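All remarks here apply to the structure that follows.
The values are calculated or read from the model by the stated rules, or taken from the named source; none is laboratory data. No experiment lies behind these values; they were computed from the predicted model shown. Backbone-built Cβ (ideal geometry, glycine too); neighbour counts: all protein chains shown. Quick note on the areas: whole protein, heavy atoms, side chains included, nothing else; ligands and nucleic acids left out. Shrake-Rupley method; radii C 1.70, N 1.55, O 1.52, S 1.80 Å.
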Amino acid sequence: GAVVSQHPSWVICKSGTSVKIECRSLDFQATTMFWYRQFPKQSLMLMATSNEGSKATYEQGVEKDKFLINHASLTLSTLTVTSAHPEDSSFYICSAPRGAGTEAFFGQGTRLTVV
Amino acid sequence: GENVEQHPSTLSVQEGDSAVIKCTYSDSASNYFPWYKQELGKGPQLIIDIRSNVGEKKDQRIAVTLNKTAKHFSLHITETQPEDSAVYFCAASIGDSWGKLQFGAGTQVVVTP
């Protein structure tokens, strides 16, 4: 079964509103999680590294004020897309390694549509 | 910046034939190379991975080879079946962080009966 769970699996929101996406590690603790974005028919692009108890690390070109990341516990990271616009519509996927030097498990993804 | 190139972008094979997907990477510090299968609307599923201290790994019909000197790695699927149809992504760790990955562009594999 899934070891990393995302919620919701899909969401439609109005332009200008904010949307929160949750990523949970179900049977292990994850001090680090990763957030990716995937546009249709494209590859996954790393957005940021979520660090439990400290600030997230953002990749170049990703606006930290637009994509707020909170990793308040060892099993939960949240990504909030603030003031969403249609160009933010995408598939957002999180991943979490089970431990240091181990593979990362991916969530099932969240399809965000901004109308 | 560092990148991962993947070829081909699409691959059509007859059921029972083999499929080969190739990737190259540029980050010399990369030491972990996973392959993922992604079905429409779902997150990527790990199908096989290889570490930099290994040249080849096999799991039933799937095998991966790694040439660290040349910085390329390949996925081989033998005896393909229609359920192998999906998009396949190669990835390379960014530095030595296994969870932090740079992905190839993906290969749409279509297996026709």
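Note: segment B:35-113, Cα convex hull, 101 Å³ per residue.
Measuring r between the beta carbons of B:Asp17 and B:Val54 and using R0 = 22 Å, the FRET efficiency lands at 0.25.
Which of the residue pairs A:Lys14/A:Lys55; A:Lys66/B:Lys100; B:Lys22/B:Lys71; B:Lys22/B:Lys57 have a Cα-Cα distance greater than 18 Å in the structure shown?
A:Lys14/A:Lys55; A:Lys66/B:Lys100
On chain A, 53 percent of the accessible area sits on carbon and sulfur atoms, based on a 1.4 Å probe. For the chain pair B and A, the interface hides roughly 1400 square angstrom of accessible area in total, found with a 1.4 Å probe. The charge dipole of chain B, taken about its Cα centre with unit charges on the Cβ atoms of Lys, Arg (+1), Asp and Glu (-1) only, comes to about 280 debye.
The residues of chain A expose on average 49 square angstrom of accessible surface per residue, using a 1.4 Å probe on protein heavy atoms. What you get for segment B:21-79, charging only the Cβ of Lys and Arg (+1) and of Asp and Glu (-1), is a dipole of about 60 debye around the Cα centre.
Label-point separation (nm) for B:Leu46 and A:Asn70, each offset 7 Å from Cα along Cα-to-Cβ? For the pair B:Leu46/A:Asn70, the computed spacing is 2.9 nm. Taking A:Thr80, A:Thr17, A:Thr32 as the candidate residues, the one with maximal mean-square fluctuation in a Gaussian network model of chain A, Cα springs under 10 Å, is A:Thr17. Computed over the protein assembly as shown, the Cα gyration tensor eigenvalues convert (square root of 5λ each) into semi-axes of 30, 20, 16 Å, ordered from largest to smallest.
Loop-located trypsin sites (Lys or Arg not before Pro) across segment A:4-46 with a Cβ neighbour count of 12 or fewer within 10 Å are A:Lys14, A:Lys41, with loop assigned by DSSP. Each residue was assigned an accessible area with a 1.4 Å probe, and for A:Glu59 the value is about 50 Å². A simple rule links phi to the HN-Hα coupling: the Karplus curve 6.51 cos²θ - 1.76 cosθ + 1.60 with θ = phi - 60°, which for segment B:43-48 gives x, x, 10, 5, 10, 6 Hz, with x for Gly and Pro. The residues of chain B have, on average, 49 Å² of accessible surface per residue, using a 1.4 Å probe with all protein chains present.
Take the Cβ atoms of B:Ser28 and A:Lys14, set R0 to 30 Å, and the FRET efficiency comes out at 0.05. Mean per-residue shielding of peptide B:101-110 is 3, counting Cβ atoms of other chains within 10 Å of each Cβ.
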